[in-house]
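Okay, so here's the structure we're looking at.
The values are calculated or read from the model by the stated rules, or taken from the named source; none is laboratory data. These numbers come from a predicted model, not from an experiment. Cβ: placed from backbone, ideal geometry, glycine included. Neighbour counts: every protein chain shown.
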Amino acid sequence: MIKEVFKRLVGERVGRIEQEWTFDAKAGIMNAPIVASLKRGGDDKYIFVPTKDGILYALRPSGDVLWSFNSQESKDKVSDVEMMFKEDEIAWNVTSPAVDDLNDDGESEVVFGSESGLLFAVKSNASLLWRFKAGDAIRAQPVICDINGDGKQEIVFGAVDGMVYVLNNKGKLLWSLDAGSPIECKAAFEPKTGQLVVGTDSGRLISISPRGKLLWQFDTGDKITAEPVFVDLKSKGEQNILFGSFDNTLYALDVRGNPVWAYKSEGKICSAACTADVNHDSKPEVFFGSCDNNVYALNSEGSKIWSFETDFWVASSPIVLDIDRDGRLEVVAGSFDHFLYILEAEGAFMLDYMPGVSGVVQQSGSYGNVMTSEPGGFHGKKIWQLKTEGIIVGLTRLTGSKEQVLICTANGRISSVVHTN
């Protein structure tokens, strides 16, 4: 007890993190779970878990199954020839879903794609509403948005056939655009500008108008699977586009496709960056993982604040939240090393030398006594670490009476992690 009080007095974190429950899907998982309500504007929260065997689960916040939908029951809509060329392990894999009210009836629909090329729209009671057949596999989460301003929801997604598809809320094709390369990246839509952006396997980010016209394109050095993120980096009401590439670089563009800055890591960037103002300067900080094993924190101008090294790839997106509800934000990241890391969002300042105490090695030539370099810098600081049962492929946040982090591992397990005192 005395030790805990002392920790609080000196600003150290107290308590621990632990798993509250685990759900075993009994099949591999490639995509992150999603938390959403099954009623428009509802407070009820459910966890949607996509699996490699084609089953989408809806879980209650307790980890119990509400319902499941088996996409393999639509085998008759896919030819044997098509499936013959799919890898057995992922032949029926389904994507993370988009969840929203498609038909304005107050109930949310659940829309997700599959390796078979089928896009499914499922009602809140798990019955099939409609399905749409794309030209090839759908590997990224679809987007539900009113892309053309008609007051009705549309569904936007890309496929491995290189096409961007836009469907109406009844599953009918409105338009499609040939991107010229397979798409495994979730699209992003900015309603203020009416702009749709998506990345391709050729390393090109393309911008599309609400009517399907190509506006501009920006080329990187390698494949893009990381979802683009719209964010006002300068807090001046002007949107920027953040996205990572397999060329190891995180890019910031303006909405016309002009580069603002780029930050080079030492590994591929597979998933979206996240942003949050963690130091209260009214500008967002940028957080992302890389296959150089690091979690990075950048300022809004693209300069590194800190990094934290794990023992393997950080291929999924980090999340920012206050897991212990002490008023300070944490960055939560999962690694292929099987560990969940909870880090100080602002990092920790560490001295490289002690001004006025540490000696300075004198070199030949003229010099003064005034030090022109900073005496130290910020470093990533670990608060807690938790070993999981497999490679972490996705994280998401579930907020209720307490903050929960949902961990998704490649071997098919979803675990809820909470902070306890």
Flagged in segment 244-267 as touching a Gly at 6+ places or on another chain (Cβ under 8 Å) and either over 12 Å from residue 302 (Cα atoms) or assigned to a loop (DSSP other than H, G, I, E, B) (or both), in numbering order, are 245, 246, 247, 248
Can you tell me which residues in segment 144-178 are among the aliphatic types (A, V, I, L, M) and part of a loop (DSSP other than H, G, I, E, B)? 147, 159, 160
In the list 160, 166, 198, which residue meets the criterion of being modelled with pLDDT of 95 or more, within 21 Å of residue 273 (Cα to Cα), buried (at least 19 other Cβ atoms within 10 Å of the Cβ) and out of contact with any His (no Cβ under 7 Å at 6 or more places or on another chain)? 198
Does residue 29 meet the test of being in a strand (DSSP E or B), in contact (Cβ under 8 Å) with a residue 24 or more places away in the chain and not aromatic (Phe, Trp, Tyr)? no
Sole exception among (1) surrounded by 23 or more Cβ atoms within 10 Å (Cβ to Cβ); (2) among the charged types (D, E, K, R); (3) part of a strand (DSSP E or B) for residue 139, by number: (3)
List pairs: first residue in segment 110-122 and part of a loop (DSSP other than H, G, I, E, B), second residue of a type in the set (Asp, Glu) anywhere in the structure, Cβ distance under 9 angstrom, at least six positions apart or on different chains. 115/87; 116/82; 117/82; 117/136; 117/161
Of residues in segment 221-241 being among the basic types (Lys, Arg) and closer than 26 Å to residue 282 by Cβ, the one modelled with the lowest pLDDT: 236
So, residue 202, is that one in contact with a Gly (Cβ under 8 Å, 6 or more places away or on another chain), over 18 Å from residue 316 (Cα atoms) and part of a loop (DSSP other than H, G, I, E, B) or not? yes
Expected output for segment 32-51 (first residue basic (Lys, Arg), partner assigned to a strand (DSSP E or B), Cβ below 9 Å, 6+ apart or cross-chain) is 39/107; 40/100; 40/107; 45/35; 45/36; 45/398; 45/399
Over segment 227-277, the set of residues among the β-branched types (Val, Ile, Thr) and closer than 17 Å to residue 190 by Cα is 229, 231, 241, 255, 275
Whichever residue in segment 201-231 is loosely packed, with under 15 Cβ neighbours inside 10 Å and free of Cβ contacts under 8 Å to residues at least 40 places away in the same chain and, among such residues, is farthest from residue 143 (Cα to Cα): 221
Where residues in segment 326-338 are touching a Phe, Trp or Tyr at 6+ places or on another chain (Cβ under 9 Å) and not small (Gly, Ala, Ser), which of them is nearest to residue 395 (Cα to Cα)? 332
Condition met for residue 10 (at pLDDT 95 or above and either crowded, with 21+ Cβ neighbours inside 10 Å or of a type in the set (A, V, I, L, M) (or both)): no
Within segment 280-311, count every residue that is part of a loop (DSSP other than H, G, I, E, B), in contact (Cβ under 8 Å) with a residue 40 or more places away in the chain and closer than 18 Å to residue 342 by Cβ. 1
